[in-house]
Amino acid sequence: MVRRASAEIKESSLELLLDTICNTFGGVLFIAILVIVLVNMSSREIPRNPQENRAELDLELLQLQQDLERSRERLETLTTTTSRLKAIKAQFTSQESIRLSREVRQTRLEVSQTVLSNSRGGEETAVMQQDINQLTDQLEQQKDDLKNARTELQNLSVKLQGVVQKNARESQLPTAQKNSGSPDANFILKKGVLCDLGHPSESRSSEENGIRFLDPVLSAGLKIPTENPDPQLVAARLKARGIPGRHLIRIWVSPDSHAQWNLVRETLVKRGNQYELVLLPEGERLAYGATSRVMRSQ
């Protein structure tokens, strides 16, 4: 209903234009008549004016006549235009012309809707482009962060490699050394603690399935620190146990105490003690059987 009302309003627009032109023509005609009346009234009053003002009146009359001529020309132009408009209106009063006019309006409406849809699509495209630009910036930032993280990781790897090499130099894997003869003392180095297996407070004996195990008491042994160790601690412990420098010492070393072994070895070398190093695998316990020393898994 709204479209039909709008179509009727647009169809009557031509009639409104014709009415406006006719009204304008009537107004111009009225002005022309008014000018003629004024001219006639002025011509009647001319004899009453003084003779010295006749030249001015003639000039004014001439000007009015010129205005009248121009008004007549406008009137003729408006008349011609009105005739042409009537002819145009007559051409478009047929049903075929009305149908074509409606089709033209419908086409224009569809074109307008298409343009509006395209403009909305352009706005959505612009918003999507902004989102893409933001994602691109974030991706670039993440690439920079990843690059910085990789650089930092490489620096940390270099530092870690240096620390590993330093620790490898400081805690070299001990080499087993065996000497002939029975040892004069037996020690075990486990979890960084040196325990005297011949001392009752630093070792504990137990029997399981007919096998006698000997385990160190770590709380009673000598704790050897990995940083800034004091060699005098080991020497003092050996001296307190009454072990002279000429005795042979057998030491079991667990994998977690290789760094502390270097300090013990240096102390033994300085004291002149010969030593027999036995590597104790992870999870192994000392077990004594018929022989002097037998290691078995727990």
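The values are calculated or read from the model by the stated rules, or taken from the named source; none is laboratory data. The structure displayed is predicted, hence computed values, not measured ones. No Cβ is skipped: glycine too gets one built from the backbone with ideal geometry, and neighbour counts run over all protein chains shown. Side chains are part of the model used for accessible areas, which takes the heavy atoms of the whole protein and leaves out ligands, DNA and RNA. Shrake-Rupley method; radii C 1.70, N 1.55, O 1.52, S 1.80 Å.
Taking helices (runs of 4 or more DSSP H) as the structural unit, those lying wholly within the stretch 1-98 and holding at least 1 residues that are modelled with pLDDT of 70 or more correspond to 13-45, 54-91.
The condition (being of a type in the set (S, T, N, Q), at pLDDT below 85, closer than 20 Å to Asn273 by Cα and open to solvent by 80 Å² or more (accessible area, probe 1.4 Å)) is satisfied by just one residue among Gln177, Gln232, Gln165: Gln232.
Applying the condition of being basic (Lys, Arg) and closer than 19 Å to Lys191 by Cα to the stretch 244-290 and asking which residue is surrounded by the most Cβ atoms within 10 Å (Cβ to Cβ) yields Arg250. Flag: Arg105 matches the condition of being among the charged types (D, E, K, R), touching a residue at least 12 places away in the same chain (Cβ under 8 Å) and part of a helix (DSSP H, G or I). Within the stretch 286-293, does at least one residue satisfy the condition of being in a strand (DSSP E or B) and of a type outside the set (Gly, Ala, Ser)? The answer is yes; a qualifying residue exists. So is Glu60 in contact with a Ser or Thr (Cβ under 9 Å, 6 or more places away or on another chain) and open to solvent by 80 Å² or more (accessible area, probe 1.4 Å) or not? Against the criterion (in contact with a Ser or Thr (Cβ under 9 Å, 6 or more places away or on another chain) and open to solvent by 80 Å² or more (accessible area, probe 1.4 Å)), Glu60 qualifies.
The listed residues are Leu135, Leu160, and the only one of them that is open to solvent by 100 Å² or more (accessible area, probe 1.4 Å) and under 30 Å from Ser257 (Cα atoms) turns out to be Leu160.
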